[in-house]
Every structure is written in structure tokens, then in C-alpha cells.
Amino acid sequence: MANILELDHKQARAFLLDGKSYVNFDLPEYFNFDPILQAVSSKMGGYDVNYFFAPEGGGRKKKDPRDRHDVNKVIYGNKDGELAWRPFEIINPVIYVGLVHYITKEDNWSVIKRRFSELRRGCNIEVASIPVQPSKKKSAKAEQIRAWWEKFEQNCAAKGLKFRYVLETDVANCYGSIYTHSISWALHGKDEAYANRDKKSLGGKIDEHFQMMNHRQTNGIPQGNTLSDFIAELIFAYADNLLAQAIKDIDKREYSIVRYRDDYRIFTNRLDLGARILKELTEILAILGLRLNAQKTKKSSDIVLSSIKKDKIEELFIPNIKKEKDNFAKWLMQIYAASYKYPNSGMVSRQLNMFHEENFGLLRSRKKLTSL
């Protein structure tokens, strides 16, 4: 299970051009984006994205995709079953493939990988969210869930052996708030990015592609694909580096920080130290146009329980139901009650899938017996 930074430029291109990387949120199984991505990739060859938006015939002005507000398809997903709607975007395949081709050119990919290494050097913030190449047996989402559980939740729970307190927070409206110019800052450093802003730098070209997706706007990148996840990781790696420099006077044995994309856990034995780190993080993210979610920022002295999602903890107390006719109704009522407390949660989805497999598996077995 290799993460994307362990791949060479050809492997990274193949990974990002996989249909499950192009759209990594839930859609019906019959959606298959591989044919269109491969067709666009083959047709594009070495051409620039703008070539495909030019009208037929010579002498006429090229159409700039940034002049259109509908180049992407927006799908809204509900986070809590009530009012928390979240936009996911299916990026125009030409722009998506064009950006993948551009960043996975051998030289550009080397620059990006080297920059990640530079930003990680001397930084003791543990990162659990670098996109992972899925195995043949598992989907990209399954690998992402596994990474969350193994590298984030279990790792955070283990911190309880060393630290007394945890402060947790995340970024409000993360993808919708990302300032696209900060991509250049992350890749080249802020001073160099400003000095070369009129030149076609690597960061500037990536920025340009994201503006193509968003009607020239410089705030926000599409959510729902592995490419955006990867670019977000680059920006947060830059923030991690700035944070490490800001707190370099603190003994590294006095704290530990674990990050999953925009989700932070700060572990310490001193609340005043945790508060200082949180303040430094707030100031750094503000420079990047991001702000912490005040409603989700909290501290706890129970590191183990605070490290695991509450719906997962509650799921431990749902008893195993045997395949007996009278128990299916009880099981379904438990799932129904849990859905009120944790709407749209992973626990509810898992239990419904298990119920479906158990129930319909039993029906299939009975039909086979009847046919005999």
C-alpha cells in the first residue's frame, strides 16, 4: 500500500487518472469514469488544456474555460441528514486530465516530491492523510478509511500512554476556503512566489488550472477527488513547516501533533502549552486564508475516547444479532434509533450493509433449500 509520494511520475499519473481517484465520493456503482479519462488522456497527448477549448478554424479567439461558470458538475451531499449540505464537484475531465498530465511530467513531479521532503525536514508533525494507492482488492475510499483508523484514530489513542490532554480542531469549510495562490507559496516559498508571479512557475500553472475550474476565482478548490486532496496536502505541509518553525523553542518531548488533512490533534501534559500551539496554528492558517472551526475546537483529558468517533464507540454496544427471524426487527430498530443520534454516520452505513447481507443472504439460502 504505497502513498502517492512513493510513486514515480508514470505511476502517479496512472493513479490520478483512475476513475476512483477522479471521483472519490459515493456514487452508484454503475458510474465508470475510466473510459472518458483514458480517451481524453490519449487525445490530449502533449497539448495544453486551452487547445481543447479553442473553436474550430483559424483566426478566431480561443475560449478560456475561466470565462465559464459551469465547467464542473456540482453535486451536493448531506453530512448530517439535516442542514449541513456539502458541495462535491466532478471536474471537467479535460481540465482534470490536463492538470494531472502537467504535474506528473517527470521534472515537475520531481520538484513536487522534493518540496514535500523539504517541508517535512525537521517537522515532527505526524501526517496520516497522504493519498494512498488502493490495492486491487480495495477501493480508494476503503484505503482512506483504513488509513484514518490505523494512522489517525489508533495512533491518537496510543498517545494516552504518554500525554494527559488532547486539543482537537479542524478547518472550517476547508476546500472552499483554500486560496489558490497559496499553492505557489507552498511549492516555492512566499517570497519567491511573489517575486516570480508574472512567470509561468509550476505553482502558478497549477493555480491557473484551479481557476479554470472555478470561474477565475482564487478561493476554493473542488472537493471529491484525489488530485485536490493531494494539493491540499501540499498546502498543509507548508503550514506544518511554518508551525514547526514557530514552536521550535518548545522541547519536542513536551508535545505531539497528529494531522489528518485539516483535522488536528495536539497532545501535551500542559494545557498552557497546548493553548500556545493552537494559537500559533490559528495565526499561520489565517495567513493562508484558512480559519479553525471554533465550534469543533475542544480539549479533553480522556485521550482514548476523544480519539475515536462517538458513533464507533456506540457501535461496540450493538449486540451481534443471530440469523433468527424475530431478531431482524430488533436489529433494524437499533439501526433506526442510531440514525437519529448519528445521521449519515459510518456506523449507520455499516450496520445497514450488514443487515442487508444477513437478511438477503438468509432469503437466498431459503430459496435454494426450497428449490431442492
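Quick look at the values:
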item	result
Of the criteria (1) in contact (Cβ under 8 Å) with a residue 40 or more places away in the chain; (2) open to solvent by 30 Å² or more (accessible area, probe 1.4 Å); (3) in a loop (DSSP other than H, G, I, E, B), which one ILE221 fails	(2)
Flag if PHE236 is hydrophobic (A, V, I, L, M, F, W, C), more than 18 Å from PHE116 (Cα to Cα) and assigned to a helix (DSSP H, G or I)	no
Any pair with Cβ under 6 angstrom, 6 or more apart, that starts in segment 172-192 at a residue that is at negative phi and ends at one that is among the aromatic types (Phe, Trp, Tyr) and not in a loop (DSSP other than H, G, I, E, B)	THR180/PHE210; ALA186/TYR238
Candidates LEU242, LEU285, LEU281 - the one that is open to solvent by 10 Å² or more (accessible area, probe 1.4 Å), more than 30 Å from VAL94 (Cβ to Cβ) and either assigned to a helix (DSSP H, G or I) or hydroxyl-bearing (Ser, Thr, Tyr) (or both)	LEU242
Pick from segment 35-61, criterion assigned to a loop (DSSP other than H, G, I, E, B) and within 19 Å of VAL97 (Cα to Cα), ranking: modelled with the lowest pLDDT	ALA54
Selection within segment 122-172 - among the small types (Gly, Ala, Ser) and modelled with pLDDT of 90 or more	ALA128, SER129, ALA172
Test: residue in segment 160-169 that is in contact (Cβ under 8 Å) with a residue 60 or more places away in the chain, within 20 Å of the chain's Cα centre (by Cα) and open to solvent by 30 Å² or more (accessible area, probe 1.4 Å)	no
Tally of residues being among the aliphatic types (A, V, I, L, M), assigned to a helix (DSSP H, G or I) and out of contact with any Ser or Thr (no Cβ under 9 Å at 6 or more places or on another chain) across segment 89-111	5
All positions within segment 224-254 that are at pLDDT below 95 and closer than 16 Å to VAL74 by Cα	GLY224
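The values are calculated or read from the model by the stated rules, or taken from the named source; none is laboratory data. Everything numeric here is computed off the predicted structure, so don't read it as measured data. Neighbour counts run over all protein chains shown; Cβ positions are idealised from the backbone, glycine included. These accessible areas exclude ligands, DNA and RNA; they are computed on the full protein's heavy atoms, side chains included. Shrake-Rupley method; radii C 1.70, N 1.55, O 1.52, S 1.80 Å.
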